[in-house]
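See structure below.
Values quoted throughout were computed directly from the atomic coordinates according to the rules given, and no laboratory measurement underlies them. Everything quoted here is computed from the prediction, not taken from an experiment. Glycine also receives a Cβ, built like all others from the backbone with ideal geometry; neighbour counts cover every protein chain displayed.
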């Protein structure tokens, strides 16, 4: 599959379209709790929309409780959405049957943060990766072993790892196995949920490099979830900044880095530890919000240094500020 | 600077498992001056936490300090009795950890735990301890200290817990704070807050800080000097400016190249760390080193001053590296 580098300019169809995706969780665990506290909803993902074009990487960046992981889980239908639409390769992911969903999952694979809990500890590497091959391609026996060995080779491991159990592998090797398993079904979209966050710096660099190489070689599209802006700027063509379940800003990585429009994006950039040691940085006060029964207006208003009355009065519209640069801020 | 606050000399720690005995820290030497902030950088299993814990003599019972000295204000910590150590810990040298949830006692309120430090170390009255603890809460900028005093660790957010732990650690104004990855588990914006707080308190108290971290960027921001440790061996020490601009050890250079940057292809260090019970001969980094030569396999390199470093011989801030063929020479 060839991909013109200026896919957006040529107005190609996006591979994934997410529209007003919404998920609320009930914070009350029991009827009694509901009677005491009344209705308590956590707006984990609240009306998020974006497009992903073929061969592109979109980074979902945010802190704890921003809704980045839930967004990925909603897209893969690992949790049911409350509202919104997800179009993937022309199919409406949220309304297809279970059987069709299995077909979709072949094209849409996930890499999780913790490769220890996402690999089956009682299966050898061969079985961990091979199950997807049996399920989707009916590969068995020697044919499957050969294919698994090829996949291992692709992620920088070798056939000597076939018979290993996950606990016999290092963290970096386990994450490579997870990547191989995700690639086994030849997906066109990979959702990577903090795939390098639990790894050491040097191993993180190896895995990031591997993901970049694979993406280029296999023309993958990727949604890359991370809390680390340095990682996002390395992997992503576009960055979506989330806060408290809402999309704050979305745009091309270079623009987001050079001209952040949202005060939260700005604060995130300023909070990056780095080589500026003049101590002039004023860290953002307060803590990331858990969107429990959030008041109207901007979720970030309670921490925002630029807050005005209009910020908390009503719905903040998403403004278009460039070809593909959007921001939800009345001050932008 | 003739008499550093802390001088670790040839510290060697061995670890015993069911089947093997191996070195986790080997001939480690490092000095910290009063009021200085030194970063100790290394990856998982490099021995950085063991080194930090050895300073307080809190290492795992299966580990043993087999050689070396740890001079603190001219006295060897390794020769102290347990009773003497209890007066040093918390009062002279304090420590904060990566995960305050496990470091704080879940069955006492965080306030009680800070007050306990005053009760135990300074033998103050209950009321006085509480008053001082509340003061400390204010200094670490915990919102509404009186309410926080009665909270349990699980009721606080990660950032608040870390503040409570900092309050307990700094209660007696120690001369040295050992901070073991204190911001690793925190969100970016909270990490920035905690780093700023540590900097403020350090200036206020005038303590020295040994900042243990795997994150080069955090260390660059906070520290004046950095020590890089690989597989239990100190490989390079220097000021942040020289070490990060002109790394002399290939491992340090590899770590710096592992930081993702926009529009730059990552050049990760190849391979992985050796099995601890089977260290390679010669330089411990040679199997992964792109510049390794025959000599690196035969001879263990000692720490030597990097040429053209500009500082005097054996100056406390000299740039030293354990490499036969330092980069840029």
Summing -39500 (n - 2.57) over every DSSP H run of at least 4 in the protein assembly as shown, dividing by its residue total and rounding to the nearest 500, the 222 nm mean residue ellipticity is -9500 deg cm²/dmol
Could you check which residue among B:177, B:256, B:40 shows the biggest mean-square fluctuation in a GNM of chain B with a 10 Å Cα cutoff? B:256
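Can you tell me, using C-alpha contacts under 8 Å and at least 6 residues apart, the relative contact order of chain B as a whole percent?
Values: 608 pairs, mean separation 64.3, N = 329.
Answer for chain B is 20 percent.
Beyond 45 Å, what percent of the Cα pairs of the protein assembly as shown remain?
Working: 54262 of 218130 pairs.
So the portion of pairs separated by more than 45 Å is 25 percent.
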Quick check: Cα centre of region A:184-226 to Cα centre of region A:82-159, how many Å? 15
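Please arrange A:272, A:34 by counting, for each residue, the other beta carbons lying within 10 Å of its beta carbon, fewest first.
Values: A:272 18, A:34 14.
In increasing order of surrounding Cβ atoms, one gets A:34, A:272.
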Label residue B:84 and residue B:204 with points 7 Å out from Cα along Cα→Cβ: what is the distance between them in nm? 3.3
Could you check the spin-label model distance between residue B:124 and residue A:282? Points 7 Å from the Cα along Cα→Cβ, value in nm. 3.2
Shielding of A:206-214 by partners, i.e. mean partner chain Cβ atoms within 10 Å per residue? 3
If one builds a Gaussian network model of chain A from Cα atoms under 10 Å apart, the most fluctuating residue listed among A:68, A:215, A:147 is A:147
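Counting other beta carbons within 10 Å of each residue's own, what order do A:127, A:160 fall into, fewest first? Don't skip to the answer; put the middle values down first.
Details: A:127 16, A:160 10.
Fewest to most other Cβ atoms nearby, the residues stand as A:160, A:127.
With a 10 Å Cβ neighbour count serving as the proxy for reagent exposure, in which order, fewest first, do A:39, B:48 appear? Mind dumping the intermediate values first?
Values: A:39 9, B:48 26.
Ranked by crowding around the Cβ, least crowded first: A:39, B:48.
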Taking the 0 to 90 degree range and rounding to the nearest ten, how far is the long axis of helix A:141-154 tilted relative to the main principal axis of chain A, both from C-alpha atoms? 50
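Over the whole of B:249-255, what's the average partner chain Cβ count within 10 Å per residue? Rounded to a whole number, please.
On the way: counts 0, 0, 1, 0, 0, 3, 4.
For peptide B:249-255, the averaged partner shielding equals 1.
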Under 8 Å for C-alpha pairs, at least 6 residues apart: give me the relative contact order for region A:221-329, rounded to a whole percent. 25
Looking at chain A only, what percent of DSSP beta bridges run antiparallel? Nearest 5 please. 60
Given the C-alpha centroids of region A:21-80 and region B:262-329, what is the distance between them in whole angstrom? 47
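Considering only DSSP beta bridges with both partners in chain B, what is the antiparallel share in %, to the nearest 5? Please list the in-between numbers first.
Numbers: 29 of 48 bridges.
If I count the DSSP bridges inside chain B, around 60 percent turn out antiparallel.
Which order do the peptides A:231-241, B:267-277 come out in when sorted by mean C-beta neighbours inside 10 angstrom, highest first?
Result, highest mean first: A:231-241, B:267-277.
Need one number: % antiparallel among DSSP beta bridges in the protein assembly as shown, to the nearest 5.
Details: 56 of 93 bridges.
DSSP beta bridges in the protein assembly as shown are roughly 60 percent antiparallel.
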With springs only between Cα atoms under 10 Å apart, run a GNM on chain A and tell me which of A:174, A:102, A:299 wobbles the most. A:102
Taking chain B as the reference, fit the longest principal axis to its C-alpha atoms, fit the long axis of helix B:188-205 to the helix C-alpha atoms, and give the angle between the two in degrees, 0 to 90, nearest 10. 80
What spacing in nm lies between the two simple spin-label points modelled at residue A:186 and residue A:19, each 7 Å away from Cα in the Cβ direction? 3.1
Rounded to two decimal places and with Rh computed the Kirkwood way over Cα pairs, what is Rg over Rh for region A:36-184? 1.03
Please list the equivalent ellipsoid semi-axes of chain B, computed as the square roots of five times the alpha-carbon gyration tensor eigenvalues, in descending order and whole angstrom. 36, 22, 19
Along the Cα-to-C-beta direction of residue B:135, a point sits 7 Å from the Cα; which residues of region B:150-172 have their amide N less than 16 Å from that point? B:167-172
Bins of 20 Å, starting at 0 and running to the largest distance - Cα pair percent for chain A: 29, 56, 15, 0
Here the FRET efficiency for residue A:91 versus residue B:245, based on Cβ atoms and R0 = 41 Å and rounded to 0.05, is 0.20
Region B:101-173, relative contact order in percent, only Cα pairs under 8 angstrom and at least six apart counted: 45
For region A:175-262, what Kirkwood radius comes out of the mean inverse Cα-Cα distance, in Å? 14.0
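Can you give the FRET efficiency to the nearest 0.05 for residue B:278 and residue A:101, using r as the Cβ-Cβ distance and R₀ = 35 Å? Walk me through the numbers on the way to the answer.
Values: r = 48 Å, r/R0 = 1.37.
Plugging the Cβ-Cβ distance into 1/(1 + (r/R0)^6) gives 0.15.
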FRET efficiency, residue A:30 to residue B:299 (Cβ-Cβ, R0 51 Å, nearest 0.05): 0.15
Averaged over its residues, how many other protein chain Cβ atoms are within 10 Å of peptide A:263-272's Cβ atoms? 3
With everything on Cα atoms, drop me the angle between helix A:171-183 and the longest principal axis of chain A, reported from 0 to 90° to the nearest 10. 80
